[in-house]
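For reference, the structure discussed in these notes is given below.
Taken together, the values in this text are just the output of simple stated rules run on the coordinates, not laboratory data. The structure presented is a predicted model; accordingly, all values stated were derived computationally and were not measured. In this analysis, Cβ positions are derived from the backbone assuming ideal geometry, glycine residues included, and neighbour counts consider all displayed protein chains.
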Amino acid sequence: MKMKVGVLSAGGDCPGINSTIHWLVNSALDKDLVPRRGVMFDIVGIIDGWKGLVEIKPEKPESVKQWIMPLNLDNVRTWDRYGGTRLGTTRLNPFDPQKDESAVLMENYQKLGLDALVVIGGFDNLGVAYKLYKQGFKVVGIPKTIDRDLSETEYTLGFDSALNTITSDIDRLRTTAGSHSRIFVVECMGRKAGWLALEGGEASGSAVILIPEHDFLLERVIEILKQQRQSGKRYSIVLVAEGAKPRGMAEIYEKRGRDGFGHTYLGGIGGFIAEEIQKQTDMEVRYVALRHLQRGGPPTAHDRRMGRKFGIAAVDMIVNEDFGRMTSLKHGEITSVPLKKALERLSLVNVEKFYNTKDYKSLDKIL
Ligand code: F6P
């Protein structure tokens, strides 16, 4: 049997996507596996996520050339070691109620003769994949987001690379903070989830960790920093997630509208905290927002390995006709879970289990 499979990445990029595609293609095109599987794969990459499937004119060869990249062992050979996504990505939501382009997308999908589609995405874009699945399309999902906020999986691609970036960037700040005896407020990503802040804070030994799941009191943050000074510490790091907020206040976001899924662009809470500490104490404060540095650079060994495992698992799922599901890591093993289940809720930090609400740090205890 012959099968034409499309693969796309949608939403924010991250290290690990290219590794996934590399291994997906390597597994799908492995000649030795053809007799056992009974499937000959033709794998095509779709450029710029859903946008590619919306914009393409399947009857025009030049448009197909623009939006479709045939994938083979040669052209993906070195992809495993590169960050970002070689297929490109956008935040276009084909089911955006303001501009619904899902009908043209589904028509193009059929005109292209795709037998199945692999979607590498986070909560929003696996949501799109699930909607297509409900319309009868054969879809497989691969979880990808540095926020690690998808349920039903212990891992989402990109998290480990982002975590390592946060840790090494804080190491850099540490030396200058120490030299000048300053407080550094560092803002990391994560949207509604505090995993990056919590685990980045643990890895870097940050004095204060602020997460979206627990609204903080500025007075308490200042008190902790003063205590640190009194105990002889020359500098302190405050690591704050972009979605964290002081009690009684709303999240801080950029005033530039919303993306196709209705989300605001979070950012600025770090600057706010730094300014308040500066105003209310005699400590010298600096503020750094790590922003997209966290999504850049090459994948860590862990992201390369997880990309490999998820990419190979996605091919197996297609062979086994396990559609409407997402690759997943559960209890340390690779499996698959229904997209429906993974999309029921976001995976957020369980404050009671993992966060010290008195001292704003990780709750290190035996569970
Ligand atoms: O969802 C991943 C993420 O990196 C969030 O942590 C962050 O809020 C957002 O994407 C930033 O999106 P953009 O790349 O559109 O600025």
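The table for this structure:
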read-out: 17 Å Cα-Cα reach of residue 51 towards lysines, excluding residues that sit fewer than 8 places from it in its own chain; value: 60, 65, 99, 111, 131
read-out: Which of 175, 90 has the fewest Cβ neighbours within 10 Å, and the rest in rising order; value: 175, 90
read-out: Relative contact order (percent, whole number), region 257-367, Cα cutoff 8 Å, 6+ residue spacing; value: 10
read-out: Label-to-label distance, nm, for residues given as residue 366 and residue 110 (7 Å Cα→Cβ offset); value: 6.1
read-out: Beta bridges by DSSP in the chain, antiparallel share as percent, to the nearest 5; value: 30
read-out: Computed lengthening from residue 251 to residue 40, 0.36 nm per intervening residue step minus Cα-Cα distance; value: 71.0 nm
read-out: Between region 200-232 and region 293-367, the alpha-carbon center distance in angstrom; value: 27
read-out: FRET efficiency for residue 345 and residue 82, using Cβ-Cβ distance with R0 set to 56 Å, rounded to 0.05; value: 0.95
read-out: Where GluC sites (Glu not before Pro) fall in DSSP loop in region 1-69, at most 12 other Cβ within 10 Å; value: 59
read-out: Inter-label distance, nm, simple model (7 Å from Cα along the C-beta direction), residue 278/residue 59; value: 6.1
read-out: Where labels lie 7 Å past Cα in the beta-carbon direction, separation of residue 180 and residue 100 in nm; value: 5.3
read-out: Net charge of neighbours whose Cβ lies under 13 Å from the Cβ of residue 364, counting Lys and Arg as +1 and Asp and Glu as -1; value: 0
read-out: Cα-based helix-to-principal-axis angle, 195-204 vs the chain, degrees rounded to 10; value: 60
read-out: Distribution of pairwise C-alpha distances over the chain, 20 Å bins, in %; value: 29, 51, 19, 1
read-out: Trypsin sites (Lys or Arg not before Pro), loop per DSSP, at most 11 other Cβ atoms within 10 Å - longest free stretch of the chain; value: 100-246
read-out: Number of Lys pairs (Cα under 25 Å; 8 or more positions apart or on different chains) in region 161-292; value: 8
read-out: Candidates 349, 39, 54: whichever shows maximal mean-square fluctuation once the chain is modelled as a Gaussian network with Cα springs under 10 Å; value: 39
read-out: Descending semi-axes in whole angstrom, ellipsoid equivalent of region 27-108, from the Cα gyration tensor; value: 28, 16, 13
read-out: 0 to 90° range, to nearest 10: angle between helix 123-134 axis and the chain longest Cα axis; value: 30
read-out: Debye intensity ratio I(q)/I(0), log10, region 149-234, q values 0.21 Å⁻¹ (C-alpha model); value: -1.08
read-out: Relative contact order [Cα under 8 Å, 6+ residues apart], region 76-169, whole percent; value: 17
read-out: With Cα atoms, 0 to 90° folded angle of helix 102-111 axis to the chain main axis; value: 40
read-out: Partners for residue 330 among lysines (Cα-Cα distance below 22 Å; same-chain residues under 8 apart left out); value: 144, 309, 340, 341, 353
read-out: Inter-part distance where region 83-127 and region 25-79 are each reduced to a Cα centre, Å; value: 15
read-out: The chain, relative contact order [Cα under 8 Å, separation at least 6], %; value: 23
